[in-house]
Amino acid sequence: MADQQNIGFIGLGIMGRPMALNLLKAGYRLVVFDIVPEKVQALVDAGAKAAGSSREVAEQAEVIITMLPDGPDVEQAVLGEAGVLEGARPGSILIDMSSINPLTSQKLAAACEAKGVEFLDAPVSGGEPKAIEGTLAIMVGGKPEVFERVKPILRAMGSSVTLTGPVGAGNVTKLANQIMVACNIAAMAEALVLATKAGLDPEIVYQAVRGGLAGSVVLDAKAPMVIQRNFRPGFRIQLHYKDLRNALQAADSLKVPLFLTSVVQQMLSALINEGKGDLDHSAITLFVEQAAKVEVKKAS
Ligand code: NAD
């Protein structure tokens, strides 16, 4: 049973909801907020206390967690009107677990420091299934002593919790993760499209390669979804577009050309224009299929 620490949780979407539920299961007292009231009610039904704003969350918690779509959302929830910094007490800790631009993490940390509030950026990988299991990979940036204080809390949501460097390092690590995942899905899409157009059963091709060097966590998570034509998110194309945009911006400022990332980013952009931004990122396959005029599915 966790000690009776009050934890605030802001952002109860695909990821935030199961992460918050795991904190409740671990015995923490939780106060929660989301701009969508039904999402708050779902957590209240599970034993959390509702707050009417991010400020109200911060007023009642020693540790405040945010799990929001993008940097501007986190800035709004933390720095905006009725935001976290209007309510947070000196000595409290803000952990932003959203995937955002590392420069925004550093801006948030500076604003927190001015109020005596500690800050960690702690984005996650593993998607909804691992958020539900409590086995996320959590990559953290911030001071080692602050990290040690909140490690038990992070452990209630993730099986791998790693301090990667100072504030911003968690999100740089997450960008590296997102580059690998996006390029992996795009390569898988091209491979399955080729095999299908050659007349093979993509299910058999997937089973044949998954034990070899091309096998991966990405392949095992996404190939079955494509073959079953299930593009329910999961991880939305919109969000992966945002991550690659942040990766390209960070790379530009460091003068690092990212060739593959740029191409996959254009595929995501085209899919969003076609109204597919809310599909799972495995739907990158739809872009490749359209160019090849073939649909990857199990032979009937
Ligand atoms: P989501 O859109 O499902 O959830 C975001 C939630 O934040 C929503 O419930 C929304 O109502 C709420 N929200 C937005 N602005 C708010 C505000 N100002 N105040 C309070 N609540 C607000 O997104 P998600 O899939 O849960 O992703 C959250 C973050 O986690 C993103 O940065 C994403 O890139 C990252 N992530 C997602 C996955 C995944 O598989 N879904 C995996 C790893 C990381």
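Return the total of residues in region 137-161 being in contact with a Leu (Cβ under 9 Å, 6 or more places away or on another chain) and assigned to a strand (DSSP E or B).
Here the count works out to 8.
Which residue pairs have Cβ atoms closer than 7 Å, lie 6 or more positions apart in sequence or on different chains, and pair a first residue in region 83-104 that is over 11 Å from Val117 (Cβ atoms) with a second residue that is within 13 Å of the ligand (Cβ to nearest atom) and of a type in the set (D, E, K, R)?
From region 83-104, the pairs are Gly83/Arg55; Glu86/Arg55; Asp96/Asp121; Ser99/Lys174; Ser99/Asp243; Ile100/Asp70; Thr104/Glu75.
Of all the residues that make up region 184-204, how many are surrounded by fewer than 22 Cβ atoms within 10 Å (Cβ to Cβ) and closer than 16 Å to Gly126 by Cα?
Of the residues in that region, 1 qualify.
Restricting attention to region 275-283, does a residue exist that is within 16 Å of Ala176 (Cα to Cα) and modelled with pLDDT of 95 or more?
no
Restrict the check to region 253-261 and report whether at least one residue is within 13 Å of the ligand (Cβ to nearest atom), touching a residue at least 12 places away in the same chain (Cβ under 8 Å) and within 16 Å of Val181 (Cβ to Cβ).
no
Please find, among Ile185, Ile153, Ile132, the residue that is away from the ligand (no atom under 15 Å from the Cβ) and of a type in the set (Val, Ile, Thr).
Unique residue meeting the criteria: Ile153.
Would you be able to say whether some residue in region 225-244 is crowded, with 19+ Cβ neighbours inside 10 Å and away from the ligand (no atom under 16 Å from the Cβ)?
Yes, some residue in region 225-244 is crowded, with 19+ Cβ neighbours inside 10 Å and away from the ligand (no atom under 16 Å from the Cβ).
Could you tell me whether any residue of region 40-59 is under 23 Å from Thr164 (Cβ atoms) and crowded, with 24+ Cβ neighbours inside 10 Å?
Scanning region 40-59 turns up no residue that is under 23 Å from Thr164 (Cβ atoms) and crowded, with 24+ Cβ neighbours inside 10 Å.
Surrounded by fewer than 18 Cβ atoms within 10 Å (Cβ to Cβ) and under 17 Å from the mean Cα position of the chain (by Cα), is that true of Thr162? First the steps, then the outcome.
Numbers: surrounded by fewer than 18 Cβ atoms within 10 Å (Cβ to Cβ): yes; under 17 Å from the mean Cα position of the chain (by Cα): yes.
Here the answer is yes, as Thr162 does meet what is asked.
Just checking, which of Ala221, Ala198 is away from the ligand (no atom under 16 Å from the Cβ) and among the aliphatic types (A, V, I, L, M)?
None of the others qualify; the one that does is Ala198.
Can you confirm whether region 177-196 contains a residue that is free of Cβ contacts under 8 Å to residues at least 60 places away in the same chain and touching a Gly at 6+ places or on another chain (Cβ under 7 Å)?
Checked against the condition, which is being free of Cβ contacts under 8 Å to residues at least 60 places away in the same chain and touching a Gly at 6+ places or on another chain (Cβ under 7 Å), region 177-196 yields no hits at all.
The values are calculated or read from the model by the stated rules, or taken from the named source; none is laboratory data. The shown structure was predicted, so the numbers you read here are calculated from the model rather than taken from an experiment. When we count neighbours, we look across all protein chains shown, and the Cβ atoms used for this are built from the backbone with ideal geometry, even at glycine.
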